[in-house]
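Structure first, then comments.
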Amino acid sequence: MKIANSCAPPLQLVLAYDGLAAACRATEFIEAKRQTEFDERTVSVSSWSFEMLESPALFAQAAGNARYAQVLAIAVCEATRPLSEVAERWLKMCLARRHKAHLIVAAIFEGDDLLPSAVKPWFESFQRVVVGAGCVFQAWQTTGTAEFLL
């Protein structure tokens with residue numbers, strides 16, 4: 001389904017990620033999604049690493065960006081454990097501070113056609129936070145890696 005709106009303002013997307021490889025994969029995936037689903041509409045991406053969220057000032061700034069986003073996405077390299085404490089706290093704050101009716105909240109992870117069991121702890125903790133806040137949850141699964149970009 002394409003969303004035709006070439007004259008619309010940029011789609012605001014906030015991406016939080018746990019490593020450079022996850023950020024690269026997510027960025028590639030978002031660009032592909034933009035071309036196929038958003039009628040090549042401009043997407044304004046604000047990116048925040050989990051490490052940056054450790055700083056109270058950056059944590060607040062990232063939450064402020066998320067307040068106006070239409071898409072909130074979290075991407076991880078290491079999906080064998082639940083969301084980090086700071087990422088979960090930030091996500092909960094973002095979801096509590098805004099009207100959620102038109103917000104897409106997406107998990108971006110690498111995997112094959114089926115959800116690998118190694119991804120489940122992270123995936124389940126992310127989904128629990130999003131659904132618990134009354135938001136719609138989407139899983140955006142990437143294939144391949146972006147390590148060649150590093």
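The values are calculated or read from the model by the stated rules, or taken from the named source; none is laboratory data. Note that this is a predicted model, so its numbers are computed, not measured. With ideal geometry, Cβ positions are generated from the backbone for all residues, glycine too; neighbour counts draw on all protein chains shown. Heads up: the accessible areas ignore ligands, DNA and RNA and are worked out on the full protein's heavy atoms, side chains in. Shrake-Rupley method; radii C 1.70, N 1.55, O 1.52, S 1.80 Å.
Annotation: F137 fulfils all but one of (1) open to solvent by 70 Å² or more (accessible area, probe 1.4 Å); (2) at pLDDT below 85; the unmet one is (1). Taking residues in region 25-36 that are more than 13 Å from S47 (Cβ to Cβ), and partners anywhere that are open to solvent by 40 Å² or more (accessible area, probe 1.4 Å), the pairs with Cβ atoms closer than 7 Å and at least 6 places apart or on different chains are R34/E40. Scoring Q61 on the criteria (1) open to solvent by less than 50 Å² (accessible area, probe 1.4 Å); (2) over 14 Å from C77 (Cα atoms) leaves a single failure, condition (1).
Okay, residues lined up against (1) in a loop (DSSP other than H, G, I, E, B); (2) modelled with pLDDT of 90 or more:
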| residue | (1), (2) |
| --- | --- |
| E28 | no, no |
| E31 | no, no |
| D39 | yes, no |
| L72 | no, yes |
| A101 | yes, no |
| A106 | no, no |
| D112 | yes, no |
| P121 | no, no |
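Would you confirm, using the coordinates I've provided, whether A79 is at pLDDT below 70 and either open to solvent by less than 10 Å² (accessible area, probe 1.4 Å) or in contact with a strand residue (DSSP E or B) (Cβ under 7 Å, 6 or more places away or on another chain) (or both)? Considered against the rule, which asks whether it is at pLDDT below 70 and either open to solvent by less than 10 Å² (accessible area, probe 1.4 Å) or in contact with a strand residue (DSSP E or B) (Cβ under 7 Å, 6 or more places away or on another chain) (or both), A79 comes out as yes. Looking across region 82-99, the residues that are of a type outside the set (D, E, K, R), open to solvent by 40 Å² or more (accessible area, probe 1.4 Å) and at pLDDT below 85 come down to P82, S84, A96, H99.
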